[in-house]
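Enquirer: Just dropping this structure here.
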Amino acid sequence: MNFITNGQYVAQVSQTGGGHSFIEDSAYNRITREIPGDNLIEDRPGRYVYIRDNDTGEYWGLTWQPVMKKLDHFQTRHGIGYTTIESSYDGIDGSITYFVPLEDPCEIWQIKLNNFTERKRRLSIFVFVEWDLGVRHENILEAAFNDLFNDMIFKDNTIFATKRRWNTAEREGLYWDKVAFLTMDHQADSFDCIKERFTGMYGDIIAPKAVIEGKCTRSQGLGHRAVGVLQKNITLGPKAPAHFNVILGAGYTNPEAKSFVQAQTSGMRHAAKIIEKYQKPSAIEQAFEAVRAHWEEYNGHVMSKSPDPLFDYSFNYWNKYQSWITSHWSEMDTYYIGGGGTIGFRDMAQHLIGVMPNDITLARKRLLELLSYQFKEGRTVHNWDKLTKRGHVTDHSDDTQWLITSVLFYLKETGDLKFLKEEVDYYDTGRATILHHVIRAMDYSLKHLSSRHLPYRMSADWNDALNGEHESKGESQMVACQICYNIRELAPFLNEIGEHELVDKYQRIYKKIKESVNHYLWDGGWYTRGTAKDHSAIGSKKSKANKIDINAQSWAVLSGVADKPRGIKAMDAVWKHLNTKYGPAMFLPSYQHPEERYGVISQFTPGTKENGAIFNHPVAWAVIAETVLGRGDHAYKFWKETSFAYRGQEPELYRVEPYVYAEFVYGPEHPEFGRGSFTWATGSASWFWRACLDYILGLQPVLGGLKIDPCLPKDWRQVEIGRKFRGADYHIRIQNPFRVNRGVDRILVDGVRITGNVIAPFNSGVHFVEVVLG
């Protein structure tokens, strides 16, 4: 599946034309239909083009689906911002390119046909979508009832579809504030708006009656299951081509409309303006070129050329694109999850770090929004509804720490200390500087420490499936390390603005927590993951399941809680007890039976999700931990074992997209060990990208500038990187003549050797940097 969006309109497009569309959010503003669960198996419905030979009565699908007839040729190319599907059958070559323009709430299908035979061909083309219209969960739970509110008409060569009733969390019973539309740039010969008229009674979209018989019924619909079908009859001479364009989208209604008719009319007017804009093929070509230019510019902010082409393929393009997607839509909606319309607080805090070097304006916007969902006492919401802005509080113990981490990443990227003086409203009452938001977030976590100076897990920490003994007094080693990580990273900025007493206070706390983690949570060979409320260990060698947890080891290293010898010992335990040929599992053994004490995590099938799977998010932290320890070959091996670019070379086993990260891969205790699942919407994307940029390539933004500290595989002799940073362009060449993992021998900037490994910011111009390791 490809995720094609301009940040307002989303088209999820599979390799067979499956997928659905929505606008603004996926809970309340669905355009086309998705059938959860079935979409993964059947990949239907979608956005389809049927082709019928009117002389023989034979028909097929340009995108293979939904007819599923064996084609003479078939190929799909997913690109950044578009998808192209090509096929051939019985002498007719066809292609369709789907893309979303940068500025408008619509998607465009560019369809091309060619008759490669020596005879004239009379064809009928049927363009098909199945409408959803409005609120997803109501349309699923009470489908027949909610069909009664569907309103579809054909007018001016366009099918318009809307909902006469639209419920949100704030308003009930009003009509939808949008009008969906489907049109084409050739005059349609017929159409259908009612699904049963198109498919026939007891029919389906695999073999619809209208396509079999070669004619739609011109049905317009009030209160029926809704589709949009446009039929175009064409005649192609020998060797002749045909081109036409389809536009699917939604027009906004006038919020001042006094009635449904006024609202519908205004929505249709807005739709008509969009249609008129793209009426000429040249306008569509310009829109497509603008999409390509946008992504070329975005990707150009950071580019690498390494000895591993698949590393570059991932880092330069698809890992970067996935991070951008998640920074807009978080975990809201994919083929696997979503439809709830919510944005996770800690999810967005991590997603935005993956776009900072490429679009700091977008990152700043997301960060300010994030800060506005913090309460005055310091805690935050756990997620919020994108449409209504309503937040949901769960008291996860890690949420506040992710707020601090995201602010730190922004400060490092920009060096803008004035940002800390900006004021942002609290979610409940009052307003304060961003500095005080950060302090209150830290203080809230510090108010919830046990008598052993370890943070309570509360509802849960990052691993929200480990939620047994809800609201428990169990302790979290990971949150302890997050607090220490943030204190250490925050100190230079606080010192710079004169908050020396606060730094001293936090450093005393750092020392206490570090001592407690090492005293209470060191298990002899590795760190335990935390404790239950009775202080019994979780993630211990004494445990029956979950004997060792990867996050406890990596975060001890990231935070400095583990000194280097202990850090090496902890990560060596990961290699020994958790690593597999497809990367390290989150923990092992997995829980075999549901246990109330451990919660949801024990209810997942062994080897799936957080229960003993290879969870990619923590693997990214393990990559970073290995570079902190200076073990570049170890870091690269973790990256390579879990890289979609490499895993995709086993398509029959991996079975998911070979161009974006999956949330998890089935673990070694599952029969389908190695299979990927839950792609696209995962924090793995941003953290893997930052692991590659900041730690493997070693271009780390710090307060004083750009720190150069690569940790490479020993057999990488040279790497070149382009990076825009604080207004300047840096062209960096790293040479590794002595085949070391780490250690900068010298750095020359514009031919002049510098002292240390931090390049002071230039703020403008193009600068050439030579780095020699040794």
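The values are calculated or read from the model by the stated rules, or taken from the named source; none is laboratory data. All values reported here derive from a predicted model rather than from experimental measurement. Using ideal geometry, Cβ is built from the backbone for each residue, glycine included, and neighbour counts are taken over all protein chains shown. These area figures cover heavy atoms from the full protein model, side chains too; ligands, DNA and RNA do not enter into them. Shrake-Rupley method; radii C 1.70, N 1.55, O 1.52, S 1.80 Å.
Enquirer: When the dipole is taken about the Cα centre of the chain, and only Lys, Arg (+1) and Asp, Glu (-1) are charged at their Cβ, what size is it in debye, to the nearest 20?
Expert: Taking the Cα centre of the chain as origin, the dipole is about 900 debye.
Enquirer: Leaving out same-chain residues fewer than 8 places away, which aspartates and glutamates sit with a Cα under 15 Å from that of LYS239?
Expert: ASP90, ASP93, GLU118
Enquirer: Give the accessible area for GLU331 in Å² (nearest 10); use a 1.4 Å probe, count only protein heavy atoms, and leave out ligands, DNA and RNA.
Expert: 50 Å²
Enquirer: Let me ask another. Once both axes come from the Cα atoms, what is the angle between helix 616-628 and the longest principal axis of the chain, in degrees from 0 to 90, rounded to 10?
Expert: 40 degrees
Enquirer: Here's something else I'd like to know. Return the Cα extents of the chain along principal axes one, two and three, sorted largest first, each rounded to a whole Å.
Expert: 80, 57, 52
Enquirer: Expressed as a whole percentage, what fraction of the accessible surface of the chain belongs to carbon and sulfur atoms when a 1.4 Å probe is rolled over the protein heavy atoms?
Expert: Ligands and nucleic acids excluded, carbon and sulfur reach 50 percent.
Enquirer: Can you send over the solvent-accessible area of TYR510, 1.4 Å probe, protein chains only, in Å² to the nearest 10?
Expert: 40 Å²
Enquirer: Using the Cα atoms of segment 157-275, I'd like the radius of gyration and the largest Cα-Cα distance, Dmax, both in angstrom.
Expert: 16.8, 59
Enquirer: For the chain, what does the helix formula give at 222 nm: sum of -39500 (n - 2.57) over DSSP H segments with n ≥ 4, over the residue count, nearest 500 deg cm²/dmol?
Expert: Mean residue ellipticity at 222 nm (helix-derived): -9000 deg cm²/dmol.
Enquirer: Going down the list LYS280/LYS305; LYS421/LYS707; LYS320/LYS541, which pairs span over 32 Å between their C-alpha atoms?
Expert: Cα-Cα > 32 Å for LYS280/LYS305; LYS320/LYS541; rest within.
Enquirer: On C-alpha positions alone, give me the angle between the axis of helix 632-642 and the longest principal axis of the chain, in degrees, nearest 10.
Expert: Between the helix axis and the principal axis of the chain, the angle is about 30 degrees.
Enquirer: Something else: Could you give the accessible area per residue of segment 56-279, probe 1.4 Å, as a whole number in Å²?
Expert: Each residue of segment 56-279 exposes 42 Å² on average to a 1.4 Å probe.
Enquirer: For segment 319-469, what is the charge dipole size about the Cα centre, in debye to the nearest 20, if Lys and Arg each add +1 at the Cβ and Asp and Glu each add -1 at the Cβ?
Expert: That gives segment 319-469 a dipole magnitude of about 340 debye.
Enquirer: Where the centroid of each part is defined by its Cα atoms, how far is segment 398-473 from segment 488-534 in Å?
Expert: Each part's Cα centre sits 14 Å from the other's.
Enquirer: With every protein chain left in place, what is the accessible area per residue of segment 309-695 in square angstrom, probe 1.4 Å?
Expert: For segment 309-695, the per-residue accessible area is 33 Å².
Enquirer: On C-alpha positions alone, give me the angle between the axis of helix 319-329 and the longest principal axis of the chain, in degrees, nearest 10.
Expert: Once rounded, the angle reads 80 degrees.
Enquirer: Given axes a ≥ b ≥ c from the Cα gyration tensor, I'd like to know whether segment 309-695 is rounded (a/c under 1.5), prolate (a/b larger than b/c) or oblate.
Expert: It comes out rounded by the Cα gyration axes.
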